[in-house]
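The values are calculated or read from the model by the stated rules, or taken from the named source; none is laboratory data. As the structure is a computational prediction, the values presented were derived from the model and not from experiment. Neighbour counts are summed over all protein chains in view; Cβ atoms, including those assigned to glycine, are modelled from backbone coordinates with ideal geometry. These area figures cover heavy atoms from the full protein model, side chains too; ligands, DNA and RNA do not enter into them. Shrake-Rupley method; radii C 1.70, N 1.55, O 1.52, S 1.80 Å.
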Amino acid sequence: MSTQLANWPLVTDSFVQVKGRPVRILSALARRAGDRPQLLVHGLGGSSVTWVSVIEELTDHGPVVAVDLPGFGRTPIEDDALSVQGYVDFVLDVADALGWDRFTLHGNSMGGLLGILLAAQHPERLERLVLVSPALPPRSPVRFLTPSRATLDGLVPLAASSLSVLVLGAVGLAGPGLDARHNRAMLKLIYPDPDSIDPKVLDLMAADFAEDIEGVDRRRTLLAATWSISSLWARPRSTWRAIRTVQTPTLLLGGTHDALVPAKVLLAVLASRPDWEGHVLDDRRHALMMEDPETYIRIFNAWPTGAEAVA
């Protein structure tokens, strides 16, 4: 069953069969024939709807598919390895099911980490790679002991509200006020002003959590994926080796106010890969395609044509 998204008439919400199992995707056809397809991969705790604000514009460059990874959004878990490498393999399975031999990958946060590993392991499959605040570790784990100001400003309120919800919820006292405070702290990791968010996007995001979907165990998935990312971050050499190995033309986007992936990490990546195009934008946060979709599209449009990019 497929449906058109009411506020995005070019975007279809449907399922595709991947090795005999249903996988939820948002998709849109290319505006012209012959361009390479694009696969959009969300971050930890997200889903395909995090890309909805840019999908229609991206069709100028080829067909677009945004996918829900297993255990997120509406894609159920089957025999999946809920790990970074398991998700890399899954992304390739999705591309195979779509009939794509080569494609452009856009990855946000954990999706960006998956993109780097995929590019390092299977360079023949990727045409281009777009990394949006990719979940990359600093070169040394010791740097975790000195978090950036943006990290402290973003995560301390979230930790406080999360602890309140956890403790009071355990005894049945967590109410709408605390939930609202927690949700607002979460949104401030992405948006400087949560009140400015397009309510249509919020409605789509909320719909993915509004019902229990058979086979989708969000708690288990978050814990497993977080553990897998943490294990990679504890031994960053393998990830940095992958960064050095990537041959695919790569665009890296991030923000100076990102609480989750500090700007200094992204700048270190760009220093090690001067052949990559990079934009670490003032006052932007963790998911540029949600926070400022117009800038995301302008930079992406400029990059493949070789024109001057918008900073």
(message) Residue under question is Ser53, and the condition is that it be among the hydroxyl-bearing types (Ser, Thr, Tyr), at pLDDT 95 or above and surrounded by 24 or more Cβ atoms within 10 Å (Cβ to Cβ); does it hold?
(response) no
(request) Quick one: in the range 224-240, of everything that is of a type in the set (A, V, I, L, M, F, W, C) and farther than 17 Å from Gly86 by Cα, which residue is surrounded by the fewest Cβ atoms within 10 Å (Cβ to Cβ)? (result) Ala234
(request) Could you please give the count of residues in the range 270-284 that are touching a Leu at 6+ places or on another chain (Cβ under 6 Å) and open to solvent by 30 Å² or more (accessible area, probe 1.4 Å)? (result) 3
(request) Go through the range 1-43 and count every residue that is in a loop (DSSP other than H, G, I, E, B) and surrounded by 23 or more Cβ atoms within 10 Å (Cβ to Cβ). (result) 2
(message) Which pairs turn up if I take residues in the range 232-252 that are of a type in the set (Gly, Ala, Ser) and look for partners that are surrounded by 13 or more Cβ atoms within 10 Å (Cβ to Cβ) and in a loop (DSSP other than H, G, I, E, B) with beta carbon separation below 9 Å, at least 6 apart in sequence or on another chain?
(response) Ala234/Pro137
(request) Hey, can you tell me all the residues within the range 208-226 that are without any contact (Cβ under 8 Å) to a residue 60 or more places away in the chain and hydrophobic (A, V, I, L, M, F, W, C)? (result) Phe209, Ala210, Leu223
(message) Can you find a residue that is in contact with a strand residue (DSSP E or B) (Cβ under 8 Å, 6 or more places away or on another chain), crowded, with 24+ Cβ neighbours inside 10 Å, assigned to a loop (DSSP other than H, G, I, E, B) and among the charged types (D, E, K, R) anywhere in the range 257-267?
(response) no
(request) Could you figure out which of (1) polar (S, T, N, Q); (2) surrounded by fewer than 13 Cβ atoms within 10 Å (Cβ to Cβ); (3) within 21 Å of Leu82 (Cβ to Cβ) isn't true of Thr221? (result) (2)
(request) Answer yes or no as to whether Val201 is farther than 13 Å from Leu136 by Cα and in a strand (DSSP E or B). (result) no
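Each row is one residue, and each column tells you yes or no for (1) modelled with pLDDT of 95 or more; (2) open to solvent by less than 10 Å² (accessible area, probe 1.4 Å).
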{"site": "Leu98", "(1), (2)": "yes, no"}
{"site": "Leu129", "(1), (2)": "yes, yes"}
{"site": "Pro137", "(1), (2)": "no, yes"}
{"site": "Ser140", "(1), (2)": "no, no"}
{"site": "Arg143", "(1), (2)": "no, no"}
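Looking at Ser14, Ser2, Ser48, can you tell me which residue is farther than 14 Å from Thr221 by Cα and within 16 Å of the chain's Cα centre (by Cα)?
The conditions single out Ser48.
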(request) Take Gly107 and decide whether it is open to solvent by less than 10 Å² (accessible area, probe 1.4 Å) and either on the phi > 0 side of the Ramachandran plot or touching a strand residue (DSSP E or B) at 6+ places or on another chain (Cβ under 7 Å) (or both). (result) yes
(request) Search the range 268-290 for residues being assigned to a helix (DSSP H, G or I) and within 17 Å of the chain's Cα centre (by Cα), and hand back the single one that is nearest to Val201 (Cα to Cα). (result) Met290
(request) Could you pull out the residue among Thr221, Thr239, Thr250 that is within 19 Å of the chain's Cα centre (by Cα) and farther than 17 Å from Pro134 by Cα? (result) Thr221
(request) Can you give me the number of residues within the range 66-111 that are assigned to a strand (DSSP E or B) and within 25 Å of Gly255 (Cα to Cα)? (result) 7
